[in-house]
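Trainee: Here it is, the structure, as structure tokens.
Each reported figure results from applying straightforward, stated rules to the coordinates on display, with no laboratory input. Just so we're clear, the structure is a prediction, and the values are computed from it rather than from any experiment. Backbone-built Cβ (ideal geometry, glycine too); neighbour counts: all protein chains shown.
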């Protein structure tokens, strides 16, 4: 095999650590694309390995496949993305990742503080959501209702 030859699905799976079924799934979602050989077998360009690495890292960061696909739609299909292409992709995700970091930091700090203040009697803890008051914020979990009043006053319960 020459260094410029396209890769088979098995070669891509072995080199990327991504299961063949996942490769087919990613292709069905438009994240990656292949051509077909004369025998109707999938063939992938070598640049697919970089895309797969980015997909895996983005998924570990919690980005949904739809967000990854949207960002990839801005990359060229006919050639390997350039450094500038990857920088643009990074800029697209930066604000979202910064917001996630802020949210997770807030949750970590709130949990540390609540556990330390001893208010987990569920009478005063801001994480408890009495009478489902946070339902007004929409579906799903919510936190960050503010610091525990006991911690502010220095009293533990």
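Trainee: Using a 7 Å offset from Cα along Cα-Cβ at residue 14, what residues in the range 47-86 end up with backbone N under 18 Å from the label point?
Mentor: Those under the cut-off are 47-50.
Trainee: Here's something else I'd like to know. For the range 1-81, calculate the relative contact order in percent as a whole number, restricting contacts to Cα pairs under 8 Å that are 6 or more residues apart.
Mentor: Once divided by the residue count of the range 1-81, the mean separation gives 30 percent.
Trainee: Say each of residue 83 and residue 96 gets a label point 7 Å from the Cα, pointing the same way as Cα to Cβ; how far apart are those two points in nm?
Mentor: Here the answer is 2.6 nm between the modelled labels.
Trainee: Turning to a different aspect of this structure: Along the Cα→Cβ direction, 7 angstrom out, place labels at residue 38 and residue 5. What is the inter-label distance in nm?
Mentor: About 1.4 nm separates the two model spin labels.
Trainee: Mind giving me the nanometre distance, one decimal, between the label points for residue 27 and residue 65, set 7 Å out from Cα along Cα→Cβ?
Mentor: Distance between label points: 1.4 nm.
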